[in-house]
Amino acid sequence: MSITQYNGGTILAMAGKNCVVIGSDKRLGVQNLTVSTEFQKIFPVTEKCYIGLPGLASDVQTLSELFRLKVNMYKLREEREIEPLTLANMISSTLYGRRFGPYFCEPIVAGLDKNNKPHIYGMDLIGCLNFPDDFTVAGCAEEALFGMCESLWEPDLEPDDLFETASQALLSAADRNSMVGWGAVIHTITPDRVITRTLKTRMVIYYISYI
């Protein structure tokens, strides 16, 4: 098992018509043992931009605080909110700076720029950027998510339709991977507001009997 899959979890982002969604499951595990069902993997950066951090739980927490610091310093220095493309490049350079001892995390950036154009970016452990126009996924269930997203995604989806597409893809992928589940959260980012919804997913309970 890859170290990036040790704690489980998966994230996806999708682009629509002047909107994006980013979603993740809530499970934190140690391989097949569930430790928490409320582990945060998606973090707000601005009112219209979010970061998803799938991977090793300790690195998720470390990077979330590091990126929060860098974003706040950018805002103080530039006196404006950071744009999604600038944020993606900042994250990429941060990861590349640790390429010989990388963080075990594959960040995803999703948001709208000042013109409300949707942006989604994915990257690997050392910050190699991916610029998809449709969707990007990462985490334990990425193979199942790729297939579902390829089947369900359509261009220029409205916010409600985009949420429905992303939620169905995430629920289906969670049903096919024991390291993913215990609820999900999906943020729909529009020019006017961010809508956060929670979903019920497959929940596996392990019973231990002592003889």
Please give, to one decimal in nm, the separation of the simple spin-label points placed at Asp161 and Lys17, each 7 Å out from Cα toward the Cβ.
-> 0.6
To the nearest 10 degrees, how steeply does helix 159-174 sit against the main Cα axis of the chain, on a 0 to 90 scale?
-> 30
As a Kirkwood estimate from alpha-carbon pairs, the chain has a hydrodynamic radius in angstrom of 17.1
If the chain between Leu129 and Val35 were fully stretched, how many nm would it gain, using 0.36 nm times the residue separation less the Cα-Cα distance?
-> 30.7 nm
May I ask you to sort Ile126, Ile51, Ile42 by Cβ crowding, counting other Cβ atoms within 10 Å and putting the fewest first?
-> Ile126, Ile42, Ile51
With contacts defined as alpha carbon pairs under 8 Å and 6 or more residues apart, what's the relative contact order of the chain in percent?
-> 29
How long is the gain from Lys200 to Lys75 if the chain were fully straight, where each residue apart is worth 0.36 nm and the alpha carbon distance is subtracted?
-> 41.4 nm
Exposure proxy check: Cys49, Cys128 ranked by fewest other beta carbons within 10 Å?
-> Cys128, Cys49
For the chain, modelled as a GNM with alpha-carbon contacts under 10 angstrom, which of Tyr50, Tyr74, Tyr96 fluctuates the most?
-> Tyr74
For labels at Thr94 and Glu65 in the simple 7 Å Cα→Cβ model, what's the distance in nm?
-> 1.3
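Values in this text are rule-based calculations from the coordinates and carry no lab data. Every value quoted in this text rests on a predicted model; they were computed, and no experiment measured them. When we count neighbours, we look across all protein chains shown, and the Cβ atoms used for this are built from the backbone with ideal geometry, even at glycine.
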